[in-house]
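Visitor: Before we start, here is the structure in question, set down as structure tokens.
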Amino acid sequence: MAAVEATVANGGRAEVALVAEFLETSAPRANAALDLAVELGLLAPDGTTYRAASPLCRFTSLADQKAAVLRIVLEGYQPFVVFRERLVATADVSLAARHTKTLCALAADRDEIKDTLISLGTYSHAFVTEGGGNYQLETGSLENMLRALALACTETLAAEARVRAQLGPAGEAAVSRDYVILPLADALMRAKNHDASGAVQAAGNAVESHIDSLAGQMGVVLGTATGIISKLSKFAAAPRRLPAKIIHVGSYLGAIRNAADHGPDPDIANGSWRVREATALEYVYVACSFIAATIGLQRGDPPEI
């Protein structure tokens with residue numbers, strides 16, 4: 001589910017290398033996680049990238065949301081359904097895995113199948129462990145998971161409405177919902193649920209997506225520039241496309257995003273920055289203001305900051 005979360009946080013599309021960095025794991029393990037998400041119907045391959053393929057992908061910000069989404073999609077995943085049925089029939093996870101391998105014609109070996117399906121089942125709260133390698137089905141109703149998902153829908157809609165209000169009518173009409181509005185809404189929910197670093201990453205992705213779009217509209221060649229600060233420097237070169245003060249606001253957003261993303265920093269004795277919860281919440285609102293200000297300048301509206 002973290003691979004799905006990484007894809008959504010990156011605007012609904014991600015390469016293996018980005019997911020590996022997000023998960024702090026190797027490329028082969030990230031690739032395996034992405035392929036499993038494809039099997040579950042949550043992601044789809046698209047050239048060298050993976051893209052979100054289900055509306056349920058939007059509800060992967062919080063642990064309980066991830067568990068609810070996974071529990072629901074597992075009901076349509078044949079290997080899991082067969083494994084669960086055989087586990088009930090045999091009370092033996094190894095035998096259930098062997099039967100599943102045969103009945104579903106799976107190429108993976110029995111132990112890999114067993115470990116994967118047990119992991120999915122326990123993460124989604126479909127299985128509970130009894131110790132000694134024994135598992136039982138969770139007796140709680142799937143209705144509880146659906147209720148959690150319904151609550152997540154309500155929270156997401158409220159966050160999106162707040163972001164749209166911050167952008168203003170002109171702003172919300174001018175930007176991409178998938179690449180700007182939804183990542184900002186995700187960032188707002190993360191900030192309110194104490195995931196400060198995740199909030200900065202999601203909102204930073206929205207800002208960078210907007211800068212990419214702005215460059216195309218203003219005829220700014222980004223070339224090999226990467227990241228918010230580097231890309232904004234292209235708008236400062238003659239003929240200047242954005243005022244210096246707006247570029248400084250964007251650079252502030254870039255600096256905080258770099259602190260959240262880049263791990264050990266030689267400026268602080270190779271330590272890592274911790275993003276304060278207040279900073280994360282402010283970051284989302286400053287990102288909205290920055291985006292709205294650039295759109296207003298494009299429209300010829302009175303300058304705002």
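Visitor: At what distance in nm do the modelled label points of residue 21 and residue 305 sit from each other, each positioned 7 Å from its Cα along Cα→Cβ?
Guide: Roughly 3.0 nm, to one decimal.
Visitor: Round to the nearest 10 and give me the degree value, 0 to 90, for the angle of helix 63-74's Cα axis relative to the longest principal axis of the chain.
Guide: The angle comes out at about 50 degrees.
Visitor: Okay, next question. Place the peptides 254-265, 33-44 in order of packing, highest mean first, counting for every residue the other Cβ atoms within 10 Å and averaging per peptide.
Guide: In decreasing order of mean packing, 254-265, 33-44 become 33-44, 254-265.
Visitor: With axes computed from alpha carbons, what is the tilt in degrees of helix 277-299 against the longest principal axis of the chain, rounded to the nearest 10 within 0 to 90?
Guide: 50
Visitor: If you line up the long axis of helix 244-261 against the longest principal axis of the chain, both from Cα atoms, how many degrees apart are they, to the nearest 10?
Guide: Between helix and principal axis, roughly 20 degrees.
Visitor: Mind listing the long-range amide H neighbours of residue 43? Cut-off is under 5 Å, sequence gap 5 or more, other chains count too, H placed in the peptide plane at 1.01 Å from N.
Guide: Answer set, sorted by chain and number: 38, 53.
Visitor: While we're looking at this one, here's another question. What list of ³J(HN,Hα) values in whole Hz, one per residue of the range 219-231 in order, does the Karplus curve 6.51 cos²θ - 1.76 cosθ + 1.60 (θ = phi - 60°) give from phi, with Gly and Pro shown as x?
Guide: x, 8, 8, 7, x, 8, 4, 10, x, 5, 5, 5, 5
Visitor: Still on this structure, please answer the following. Tell me, 153, 57 in order of fewest to most beta-carbon neighbours within 10 Å?
Guide: Arranged by neighbour count, lowest to highest, 153, 57 become 153, 57.
Visitor: At what distance in angstrom do the alpha carbon centres of the range 33-82 and the range 201-278 lie from each other?
Guide: Taking the Cα centre of each part, the range 33-82 and the range 201-278 sit 31 Å apart.
Visitor: Follow-up question, since we're still on this one. Which one, 213, 287, 199, projects farthest toward the positive side of the charge dipole computed for the range 174-305 from Cβ point charges (K/R +1, D/E -1)?
Guide: Ranked along the dipole, the leading option is 213.
Visitor: Nearest 500 deg cm²/dmol is fine: what mean residue ellipticity at 222 nm does the chain get from its DSSP H runs of n ≥ 4 alone, each adding -39,500 (n - 2.57), divided by its residue count?
Guide: -21000 deg cm²/dmol, from helical runs alone.
Visitor: Excluding same-chain residues fewer than 8 positions from residue 114, which lysines have a Cα within less than 25 Å of its Cα?
Guide: 66, 101
Visitor: Could you tell me what % of all Cα pairs in the range 87-244 have separations over 26 Å?
Guide: Summing the P(r) tail past 26 Å for the range 87-244 gives 55 percent.
Visitor: How would you classify the range 157-299 from its alpha-carbon gyration tensor, with a ≥ b ≥ c the square roots of the eigenvalues: rounded for a/c under 1.5, else prolate if a/b is greater than b/c, otherwise oblate?
Guide: oblate
Computed from the coordinates by the stated procedures, all read-outs in this text should not be read as laboratory data. For clarity, every value in this text was computed on a predicted model and none was experimentally measured. Counting neighbours? That spans all protein chains shown, and the Cβs are built from the backbone with ideal geometry, glycine included.
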